[in-house]
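Read through the structure below, which is laid out as C-alpha cells, and then see the notes.
The values are calculated or read from the model by the stated rules, or taken from the named source; none is laboratory data. The structure presented is a predicted model; accordingly, all values stated were derived computationally and were not measured. Methodologically, a virtual Cβ is constructed for each residue, glycine included, from the backbone with ideal geometry; neighbour enumeration extends over all protein chains shown.
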Amino acid sequence: MYYSQDKELNKLIEDEVISGARFAHGKKHAKLFLAGGGLLVFSRTPSDRRAFQNVKADLARLHRLQDQA
C-alpha cells in the first residue's frame, strides 16, 4: 500500500501498520493511530530531507510514552 512518496518513510509506516497501527489517508497529510493509543500526523509528500528522521524520532517518542503508561 502507498503511505508516502518517501521510500524509507513508506516502509516505516508499513511496519507500524503490520504491528497493529491504523492508517488514515488525507489530501496532504496522513494520520497513523498507534495500537497502544497514540497519534502521528505526517506529510504524504515530504519536502524536508530530514522528514524520515523526524517521523522515526516521533514514533520512538510515542512508543516510549506508551511503555511508561
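Figures for the structure shown
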read-out: Residue that is over 25 Å from LEU65 (Cα atoms) and among the basic types (Lys, Arg), where the choices are LYS31, LYS7; value: LYS7
read-out: Strands (runs of 3 or more DSSP E) within the chain that include 3 or more residues hydrophobic (A, V, I, L, M, F, W, C) and surrounded by 11 or more Cβ atoms within 10 Å (Cβ to Cβ); value: 29-34, 38-43
read-out: Hits in segment 35-49 (condition: under 18 Å from ASP67 (Cα atoms) and out of contact with any helix residue (DSSP H, G or I) (no Cβ under 6 Å at 6 or more places or on another chain)); value: ALA35, GLY37, LEU39
read-out: Pairs, first on the phi > 0 side of the Ramachandran plot in segment 21-39, second in a loop (DSSP other than H, G, I, E, B) and modelled with pLDDT under 95, C-beta under 9 Å, six or more apart; value: GLY37/ALA69
